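The values are calculated or read from the model by the stated rules, or taken from the named source; none is laboratory data. As the structure is a prediction and not an experimental result, all values here were calculated from the model. For neighbour counting, all protein chains shown are included, and Cβ atoms are generated from backbone atoms with ideal geometry for every residue, glycine included. SASA here: full protein model, heavy atoms, side chains in, ligands and nucleic acids out. Shrake-Rupley method; radii C 1.70, N 1.55, O 1.52, S 1.80 Å.
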Amino acid sequence: MALPQAVEALWNELQAARAEVLKEAEGLAQAQADWRPSDKDWSIGEILHHLTLGEVATSKLTIKLIREAEAAGTLRPYPPDLTSFTRLAFPPGPPPPATPLVSPEKGRPIAELLAGTKSTRERSRQSIERLASVDPRPLGWKHEATGIVMDLSQYWAMMVLHDRMHIQQIRAVKASPGFPER
């Protein structure tokens, strides 16, 4: 499906950020995926699981908000003149703690985590295509961790920022003293 300009740009950003995540994580041994710099830090495996859970939640939210608008008769088609989305930045300071919905599990097999990260992105394409058929701006929801009301395009744009933030976290884990060589 051909995507409108703004949605295509968003999809390309999502893909580029995810490619960086995978580049950092592929080839890791299980001991490396499970290693934590401290008891307070997440392992790379936990970061991957968290990213997957966040993306699944965003896909589910996309379906929910579109269905609710359809049922209410307020769903509008994608406007042909919408060529870019209003972006939000994360609030300053450290990121908010993960909510239970996106809290990762420890010790999952790295091959399973990588496969889940890839397959979730493939399924997300369906949500992006659905997003491309509606006006996402009136479809808003309060983000549980930040308290900010965002529209669907902003939720998906946040996934780009979210991946990029966690890429830095993965790199920091890998650069930490004591990170296993294999």
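I need the full set of residues from segment 75-89 which are touching a helix residue (DSSP H, G or I) at 6+ places or on another chain (Cβ under 7 Å) and surrounded by 15 or more Cβ atoms within 10 Å (Cβ to Cβ), in order please.
Within segment 75-89, Leu75, Leu82, Phe85, Leu88 meet the criteria.
Of the numbered conditions (1) surrounded by fewer than 19 Cβ atoms within 10 Å (Cβ to Cβ); (2) in contact with a Phe, Trp or Tyr (Cβ under 7 Å, 6 or more places away or on another chain); (3) not in a loop (DSSP other than H, G, I, E, B), Phe179 satisfies every one except a single condition; which is it?
Of (1) surrounded by fewer than 19 Cβ atoms within 10 Å (Cβ to Cβ); (2) in contact with a Phe, Trp or Tyr (Cβ under 7 Å, 6 or more places away or on another chain); (3) not in a loop (DSSP other than H, G, I, E, B), only one is false for Phe179: (3).
Within segment 61-68, identify whether any single residue is out of contact with any helix residue (DSSP H, G or I) (no Cβ under 8 Å at 6 or more places or on another chain) and open to solvent by less than 60 Å² (accessible area, probe 1.4 Å), and answer yes or no.
Restricting attention to segment 61-68, the residues satisfying the condition of being out of contact with any helix residue (DSSP H, G or I) (no Cβ under 8 Å at 6 or more places or on another chain) are 64, 67-68.
If we keep only those that are open to solvent by less than 60 Å² (accessible area, probe 1.4 Å) too, we end up with none.
Checked segment 61-68: no residue is out of contact with any helix residue (DSSP H, G or I) (no Cβ under 8 Å at 6 or more places or on another chain) and open to solvent by less than 60 Å² (accessible area, probe 1.4 Å).
Return yes or no: is Met150 open to solvent by less than 20 Å² (accessible area, probe 1.4 Å) and assigned to a helix (DSSP H, G or I)?
Values: open to solvent by less than 20 Å² (accessible area, probe 1.4 Å): yes; assigned to a helix (DSSP H, G or I): no.
Spelling it out, it is not the case that Met150 is open to solvent by less than 20 Å² (accessible area, probe 1.4 Å) and assigned to a helix (DSSP H, G or I).
Being within 13 Å of the chain's Cα centre (by Cα) and within 30 Å of Ala31 (Cβ to Cβ) narrows it down to one residue among Arg164, Arg108; which is it? Quick ask: steps written out before the conclusion?
Details: Arg108 fails: within 13 Å of the chain's Cα centre (by Cα).
The match here is Arg164.
Where in segment 2-101 are the helices (runs of 4 or more DSSP H), entirely inside, with at least 2 residues that are farther than 15 Å from Ser133 by Cβ and more than 21 Å from the chain's Cα centre (by Cα)? Spell out the reasoning first.
Working: elements: 5-25, 30-34, 44-72.
Correct list: 30-34, 44-72.
Could you please tell me which pairs satisfy a Cβ distance under 8 Å, a separation of 6+ or placement on different chains, a first residue in segment 23-48 that is within 12 Å of Pro109 (Cβ to Cβ), and a second residue that is open to solvent by 50 Å² or more (accessible area, probe 1.4 Å) and not in a loop (DSSP other than H, G, I, E, B)?
Gly45/Asp34
Out of all the residues in segment 30-56, which are open to solvent by 20 Å² or more (accessible area, probe 1.4 Å) and not β-branched (Val, Ile, Thr)?
Of everything in segment 30-56, those that are open to solvent by 20 Å² or more (accessible area, probe 1.4 Å) and not β-branched (Val, Ile, Thr) turn out to be Gln30, Ala31, Asp34, Trp35, Arg36, Pro37, Ser38, Asp39, Lys40, Asp41, Trp42, Leu53.
Quick test for you: out of Ala19, Ala72, pick the one residue that is open to solvent by 20 Å² or more (accessible area, probe 1.4 Å), out of contact with any helix residue (DSSP H, G or I) (no Cβ under 7 Å at 6 or more places or on another chain), closer than 19 Å to Met158 by Cα and among the hydrophobic types (A, V, I, L, M, F, W, C). Even if it seems obvious, please write down each step before you answer.
Values: Ala72 fails: closer than 19 Å to Met158 by Cα.
Checking each option against the conditions leaves just Ala19.
If I ask for residues that are over 15 Å from Ser127 (Cβ atoms) and in contact with a strand residue (DSSP E or B) (Cβ under 6 Å, 6 or more places away or on another chain), which ones from segment 144-167 would you list?
Across segment 144-167, the qualifying residue is only Val149.
Looking only at residues in segment 104-132 that are in a loop (DSSP other than H, G, I, E, B) and farther than 17 Å from Leu152 by Cβ, which one is least open to solvent (accessible area, probe 1.4 Å)? Let's see the steps before the verdict.
Narrowing segment 104-132 to residues in a loop (DSSP other than H, G, I, E, B): 104-109, 132.
Then keep just the ones that are farther than 17 Å from Leu152 by Cβ; that gives 104-109.
On the way: Pro104: 26, Glu105: 96, Lys106: 144, Gly107: 52, Arg108: 66, Pro109: 64 Å².
Filtering first and then ranking leaves Pro104.
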